[in-house]
1. Of the numbered conditions (1) more than 25 Å from ASP192 (Cβ to Cβ); (2) more than 12 Å from the chain's Cα centre (by Cα); (3) buried (at least 18 other Cβ atoms within 10 Å of the Cβ); (4) not hydroxyl-bearing (Ser, Thr, Tyr), PRO168 fails exactly one; give the number of that condition.
2. Among the residues of region 181-221, what is the count of those that are among the aromatic types (Phe, Trp, Tyr) and part of a strand (DSSP E or B)?
3. Any residue in region 224-236 that is over 9 Å from LEU189 (Cα atoms) sitting within a Cβ distance under 6 Å of a residue that is among the hydrophobic types (A, V, I, L, M, F, W, C)? List the pairs, counting only those 6 or more apart or interchain.
4. Would you tally the residues in region 128-170 being in contact with a Phe, Trp or Tyr (Cβ under 7 Å, 6 or more places away or on another chain), assigned to a loop (DSSP other than H, G, I, E, B) and within 15 Å of ALA68 (Cβ to Cβ)?
Amino acid sequence: MRKIFLVSLTLLFIYTTALAQQTPPPQGLTFYYDYKVVPGKEDEFMNLIKTVGAPVRDKLMAEGVVQAWGMETPLLRSPGGTTHLIWFAVANWDGVEKVMNGMEAQQAKMAAAEVQSKAKTTAERQRETLDMSKTRDWLTRDIVASFGPNPAAGILPITRYNFVKVKPGKGGEYRATWEKYNKPVFDKLLADGVVLAFGLAAEEVKTDGDFTHFVWMATANMSGLDKIAAAFGADRARRTEAERKEITEAFTNVTDPDMSRSMVTRSRIFKLAPPK
């Protein structure tokens, strides 16, 4: 799956060192499964979720292990690309292990019950429903994350992901730049109820290097994306030409702009743990 302000090197060193000392501990982990569902098998995929994965994630959510989980479909299709993605959020690696163990136990339980059945097994249904050669897993950690009140019942969020590739050794500078110029805009959008939640995340386990970080933002509907774009446009418009140039250079100095990509998804299943 897919800008630091200009100061002297001395001042930059002082600033980033102070930032590192004040940086809060890393936030939770999110595990993503990217799937390519065989055309015409979408309903069967939903049945598999309901009988295999959902019982495990729901049980662990009730136990306080899983913080949220959902299933999304990309707004834009591409040949051979992801058609569905399932994700779950946990506090730490222990949570990941509990979900993995729970899934293995659930599948083993179902397989044992199917031994005497003449119907297709769950494993056979999975092979017929998914192009397993296109399956891809991701594990990411939120560096920054902010959440508004839990959305009203029945809301299935729209989520936009903006993927960026940060230059080697520039992760701290990228985060500082993002928090200086972009986070305040998102904070206001969250306070105004336009954004349900947003965050800056990075791969916890490095994979193929297509991206290193991504910004995610969830809204109740697609009109929220228009409001986000308008808010950032207004923020940049109120600045001087020199400030706008400074922001652009700040981001381009620490990222590879040619590697930037975006994805918008529609939630089909969305569950949050109840407030404590």
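Quick note: the coordinates plus some simple rules give every number you see, no bench work behind them. Because the structure is a prediction, the values reported are computed rather than measured. Reconstructed Cβ throughout: ideal geometry from the backbone, glycine too, with neighbour counts over all protein chains shown.
1. Among (1) more than 25 Å from ASP192 (Cβ to Cβ); (2) more than 12 Å from the chain's Cα centre (by Cα); (3) buried (at least 18 other Cβ atoms within 10 Å of the Cβ); (4) not hydroxyl-bearing (Ser, Thr, Tyr), PRO168 violates only (3).
2. 3
3. Short answer, once both residue conditions are applied: GLY224/VAL194; PHE232/VAL185; ASP235/VAL185.
4. Here the count works out to 2.
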